[in-house]
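Right, one structure below, let's go through it.
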Amino acid sequence: MIPLSMVNPGQKVQIVQIRGGRGLISRLANMGFYPGVIIEVVSNRNGPLIIARDKIRLGLGYGMAHRIFVRLLN
Amino acid sequence: MDKMIKIALAGNPNSGKTTVFNSLTGSHQHVGNWPGVTVEKKEGRFTSDGFEVRVVDLPGTYSLSAYSLDERIARDFLLKENPNLVVAIIDASNLERNLYLVAQLLELGAKVVLDLNMMDLVEKRGIRIDTKKLSRILGVPVVETVAHKEKGIDKIRKVVVEEVEKGKEATFKIDYGPDIEAVIDRLIKFLRAKRLPVNYLLRWLVVKLLEGDAEILQKMKSLPEGKTILNVIAENAAQLEKHLGYDLETALIEKRYGYLKGLVGECTHKHYGLEERLNLSDKIDKVVTNKFIGIPLFLGLMWLTFQLIFTVGGPLVDLIDIFFGWIGQVASEGLISIGAPQWFSSLICDGIIGGVGSVLVFLPNIFLLFLAISLLEDSGYMARAAFVMDKLMHTLGLHGKSFIPLILGFGCNIPGIMATRTLESKKDRILTILVNPLMSCSARLPIYVLFAGAFFAKNQGLVIFSLYLMGMALAIIIARVFKSIFFKHEVAPLIMELPPYRLPQVKGVLIHMWERGSLFLKKAGGIILAGVILIWFLSSFPLGVEYASHQSLIGRLGSLFAPMFSPAGFGFWQAAVALGFGILAKEVVVGTLGTLYHADEAGLRSVILQNFTPLSAYSFMVMSLIYIPCIASIAVIKRETNWKWTFLAVGYSLALGWGVAVIIYQIGKLFMFGNL
C-alpha cells in the first residue's frame with residue numbers, strides 16, 4: 001500500500017483507504033472515487049495530479065494525494 | 001388559468017443540465033439570487049397540457065451532502081420548498097457516478113424523473129442502456145435526451161406533467177445490509193417516538209445522522225431533547241463501527257455504490273472499463289497541462305482574451321461615449337427650452353448622464369470579458385487553467401481556482417470579483433475578493449499613461465510595468481496577512497473535475513454572457529447612480545459656484561484633505577479632488593485634472609509637469625493604483641460578501657495606498673531623487 005502521490009503516470013491502482021477528514025472521504029466519493037475503485041494516474045509532476053476513472057478526470061492537490069492509499073495493479 | 005407546478009433541475013456539473021434548462025424554458029427565464037447568498041438562481045417556465053410549469057435550475061452538484069455553498073443551496077431548496085418534482089439530469093455515458101446524486105435525491109424522498117442526457121455519446125461508444133429495467137428498479141420514469149440537439153425535450157415536458165398528476169409516492173430504498181439496517185430501524189422507531197418538529201423522511205434523517213452530516217447534526221442540536229438524541233445516535237454509530245471494523249461513513253458510501261454498481265451492471269450491456277484508450281480529451285490535456293507548455297499556453301490565451309476585449313471593445317466604447325455625449329447635449333438643450341432651473345439641468349446632464357455614462361462606457365468591455373469567460377468555461381479549458389496555476393497560487397495561500405478571478409481583475413475588477421463564485425470555500429472567496437482591486441484594472445491605465453508619459457517618457461513601459469508588478473506583490477502580501485488574521489486554520493484542498501473538452505454551443509455561451517453582464521448592470525446600477533448624484537451634489541453646491549471649482553463643496557473637501565497628501569508629495573487640492581472623483585471610476589482622475597486645471601489633453605501634460613516632480617508623480621500613480629476600489633467595485637464587493645468585508649476592502653486599501661505612496665516619496669526624497 002503506497003500513497004497515491006508516489007504513483008507514476010500511466011500506472012493503474014486500486015484505492016484501498018482514504019485517510020482524510022470526513023470532508024475528504026465524502027467529497028471524493030461524491031465524485032466517484034472511493035475505496036475499491038480502480039483508477040489510473042494520468043499525470044503526476046510534483047504538483048497537482050490528474051487521476052482517471054472511466055471517463056472522469058480529477059485534478060487533485062498533492063497534499064491530498066498523499067492521504068489516499070492505493071495498491072499497485074499488475 | 002393554467003394549473004401551476006414547481007419543478008427543480010438537479011444534476012452533476014457538466015451533465016448538460018444548463019442546456020436542458022435552456023431548451024426546456026427557451027427565453028422564458030430570469031436570473032436572481034438564492035436567498036441570503038449570491039449564487040445565481042435561474043428560474044424559467046414552460047407550459048404543457050394545460051399546466052404552467054415553473055422550473056428552478058439548482059446549482060450543479062455532485063451530491064446533497066452540503067459541503068459547498070452550491071450543495072447546501074440545492075439541498076435546502078429541496079427540503080424547504082418541496083418542489084412537485086425533480087428532474088435529475090445525468091450524463092448517461094458516466095452512469096454510476098451520476099446515479100450517486102440520483103440515489104441521494106430518492107433517499108431524500110424527492111419525486112424524480114430521470115433524464116439520461118448525452119445519449120448520443122452512449123450510442124457512439126457502443127453501450128446499450130436498458131431504460132425500462134432502470135426505470136422499474138429505481139421506480140421512476142426515465143427519459144432519454146440529447147439536449148444540445150433538443151432531442152427528447154418534449155418528452156420531458158410531457159412526462160413531468162404526467163408524473164405530477166399521478167401523484168404516487170416514491171418507495172426507493174437502498175439496502176445497507178443487515179447490521180446497518182438493524183440500527184437504522186431501531187433509530188427510526190426511537191425518533192418517531194420523539195415526534196420531532198421536522199418534516200424530513202425519518203429514514204433519511206437517520207442515515208444523515210449516522211453519516212455525521214454536519215448541518216443536520218447542528219439542526220438536531222437546536223431541537224428540544226436534541227442533545228440526548230445525538231448521544232443515542234453517537235452511541236449506536238460507535239457500536240456499529242466497532243462491529244463493522246471501519247468507519248461508518250465509508251461503509252455507507254460503499255453500500256450505496258455497491259447498489260449502484262449492481263444496478264448499472266444489470267441495465268447496461270458492455271461494461272465501460274479502464275480499457276478504453278486515451279481519448280481526445282486526454283491527448284489535449286497532455287499538452288495543456290504539460291509542465292513546460294502549460295503556463296506559457298495559458299498566458300497566450302489570456303493575451304488573446306485581452307486583445308479581444310480591447311480591440312473589439314474599443315470602438316464600441318467610443319460609440320457609447322459619443323452616445324452619452326449626444327444624450328447629454330440633447331437633454332441639456334431640451335431642459336433649457338422648457339425652462340427647467342439651471343441646477344436641475346446640471347443634475348441631469350453633468351451628474352446623472354455624465355456620471356452614469358462614464359461607468360456604462362465600459363459595458364462592451366465587460367460583456368466581451370464575460371463572453372471570453374463563457375467560451376473558456378464551456379470548452380472545459382478554465383478548469384485546466386486553474387489546475388496549471390495551482391502550485392504558484394499556493395504562495396498566496398490560495399489554490400489554483402482563485403487564479404482566474406485575479407487575472408480577470410486586470411481587465412476589470414468587477415467581473416474578477418464576480419468570478420469568485422466558483423470557489424467552494426468562503427476563505428478563498430473572501431481573500432480573492434479582498435485582493436482583487438490590487439490587480440491594476442484597465443481603467444487605471446490612462447492615469448499611468450498621462451503621468452509616465454509626462455515624466456518618464458524614455459522608460460514609460462518599464463514604469464507602468466512596475467506598477468502592475470507592485471499590485472501583484474502587494475496582493476501576495478495582503479492575501480497572506482489576511483489569511484493569517486481571519487482564516488488561520490482553514491485549508492481548502494484542490495479537488496476539481498476536469499470535464500472533457502467540448503465545442504462550446506453558441507446559444508449557451510451567449511445566454512451565459514448576457515445573464516452575467518445584465519446582472520452586473522442591475523445590481524451595480526443602483527449604487528453607481530447614488531454615488532454619481534452625491535458627487536454631483538458636492539461639485540455643484542453651494543449654489544452659484546462653478547462646477548467642481550475650488551469654491552464648491554468638493555473643492556473645499558479637497559482643500560481639507562490636501563494636507564494629508566503632503567507627505568506623499570501631492571498636497572494640493574486638485575490632486576485630492578481628482579482622487580475623490582476617481583472613486584467613481586479610476587479613469588475619471590485624468591478627466592477631473594483636466595477640468596480643474598482648465599486644460600485639454602495636450603495642455604494637461606505641461607500643467608502636470610509644473611505641479612508634480614517625477615517622484616511625486618510616481619507616488620501619485622501608486623496612490624491611484626491602490627487607494628480604493630471604484631464605486632462599482634465596492635458595490636459588487638458588498639453584493640458578494642457583506643458590509644464587514646466591504647469596509648475592510650475600502651479601509652485597508654486607503655491605508656495601504658496612502659502608506660505606500662508616503663513611503664515611496666519619503667524614501668525617494670531621502671535619496672535626493674526629489675531634486676530630479
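The values are calculated or read from the model by the stated rules, or taken from the named source; none is laboratory data. Being a predicted model, the structure only gives us computed values, none of them experimental. Heads up, the Cβs are rebuilt from the backbone with ideal geometry, glycines too, and the neighbour counts pull from every protein chain shown.
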Exercise for review: Taking residue B:400 as meeting all but one of (1) more than 14 Å from chain A (Cβ to nearest Cβ); (2) crowded, with 24+ Cβ neighbours inside 10 Å, write down the number of the exception.
Suggested key: (1)
Exercise for review: Out of B:225, B:241, B:235, report the one residue that is without any contact (Cβ under 8 Å) to a residue 60 or more places away in the chain and either among the hydrophobic types (A, V, I, L, M, F, W, C) or crowded, with 16+ Cβ neighbours inside 10 Å (or both).
Suggested key: B:241
Review point. Yes or no: residue B:605 surrounded by fewer than 23 Cβ atoms within 10 Å (Cβ to Cβ) and farther than 28 Å from residue B:342 by Cα?
Key: yes
Study note, to complete from the structure: Among (1) over 23 Å from residue B:171 (Cβ atoms); (2) of a type outside the set (Val, Ile, Thr); (3) free of Cβ contacts under 8 Å to residues at least 60 places away in the same chain; (4) within 14 Å of chain A (Cβ to nearest Cβ), residue B:104 falls short only on (1)
Check your understanding: In region A:15-27, which residue that is touching a residue at least 24 places away in the same chain (Cβ under 8 Å) and either at the interface with chain B (Cβ under 7 Å from one of its Cβ atoms) or more than 16 Å from residue B:96 (Cβ to Cβ) (or both) is surrounded by the fewest Cβ atoms within 10 Å (Cβ to Cβ)?
Key -> A:19
Check your understanding: Can you tell me which residue in region B:58-70 is farthest from the other protein chains (Cβ to nearest Cβ), limited to those that are within 17 Å of the chain's Cα centre (by Cα) and at pLDDT below 85?
Key -> B:69
Check your understanding: Could you say which residue among B:96, B:71 is in contact with a helix residue (DSSP H, G or I) (Cβ under 8 Å, 6 or more places away or on another chain), of a type in the set (Asp, Glu) and assigned to a helix (DSSP H, G or I)?
Key -> B:96
Practice item. Test residue B:291 against the stated conditions and say whether it is part of a loop (DSSP other than H, G, I, E, B), within 14 Å of chain A (Cβ to nearest Cβ) and either under 27 Å from the mean Cα position of the chain (by Cα) or not hydrophobic (A, V, I, L, M, F, W, C) (or both). Key: yes
Exercise for review: Only helices (runs of 4 or more DSSP H) wholly contained in region B:524-626 count here; list those with 3 or more residues that are touching a residue at least 12 places away in the same chain (Cβ under 8 Å) and within 35 Å of the chain's Cα centre (by Cα).
Suggested key: B:573-582, B:588-596, B:614-626
Practice item. Quick one: which residue in B:162, B:215 is in the same structural domain as residue B:240 (by TED's automatic domain parsing) and either under 30 Å from residue B:269 (Cα atoms) or charged (D, E, K, R) (or both)? Key: B:215
**Study point:** The listed residue being in contact with a helix residue (DSSP H, G or I) (Cβ under 9 Å, 6 or more places away or on another chain), over 29 Å from residue B:125 (Cβ atoms) and either within 7 Å of chain B (Cβ to nearest Cβ) or surrounded by fewer than 18 Cβ atoms within 10 Å (Cβ to Cβ) (or both), out of A:48, A:3, A:35
**Key:** A:3
Check your understanding: Would it be correct to say that residue B:373 is more than 14 Å from chain A (Cβ to nearest Cβ) and either over 16 Å from the mean Cα position of the chain (by Cα) or modelled with pLDDT under 85 (or both)?
Key -> yes
Study note, to complete from the structure: Expected output for region B:264-283 (first residue within 11 Å of chain A (Cβ to nearest Cβ) and at pLDDT below 50, partner assigned to a helix (DSSP H, G or I) and loosely packed, with under 11 Cβ neighbours inside 10 Å, Cβ below 9 Å, 6+ apart or cross-chain) is none
**Study point:** Every residue from region B:627-676 that is closer than 20 Å to residue B:415 by Cα, touching a residue at least 40 places away in the same chain (Cβ under 8 Å) and not in a helix (DSSP H, G or I)
**Key:** B:627, B:628, B:629, B:630, B:641
